[in-house]
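What follows is a short report on a single structure.
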Amino acid sequence: MGQSLVQNYLHLVFSTKNRLPMIDSRIEKELHRYLISISNELDCKVIQLGGYVDNIHSLCMLSKKITLVQFMEELKRKSSKWIKTKNDCYQNFYWQDGYGAFSVSPNAVNRVSAYIESQHQHHSTMSFQQEYVGMLEKYRVAFDEKYIWL
């Protein structure tokens, strides 16, 4: 084959360290825009990005030029460094070490996008921990709950 053709839709989920509510209304929209700009720099087109005070969800297309682990390391490293420059109250901002990455069928892109867009409403009835465990179970990811929150 003369071309490498790739279409990997991913639903990425990650949280603030210890799930602290650090993504407040003062920084949320700007942080989302910055995460999108980092993703674009890495050639990973964002379809939808959202979250809540302690977590981020991104539906994106993973570039064929970067591995998932490289992408997540850069996204979290750059955004953590950036947010600390915004205000002294963010000096102790960190992302949790791990993340969730779930493949999304092209047929489910609109549904996942709508889900991400409704994160604020969603978290009025469910904690991030409940949501994340539910996602792991839905996608049949083997896990030990005592280790996912480290």
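Could you tell me the ratio Rg/Rh of the chain? Both radii from Cα atoms, Rh via Kirkwood.
Radius of gyration over Kirkwood radius for the chain works out to 0.96.
What whole-number distance in Å separates the alpha-carbon centres of the range 94-108 and the range 9-56?
12
A short reminder: the numbers here are calculations on the coordinates, not readings from a lab. The structure presented is a predicted model; accordingly, all values stated were derived computationally and were not measured.
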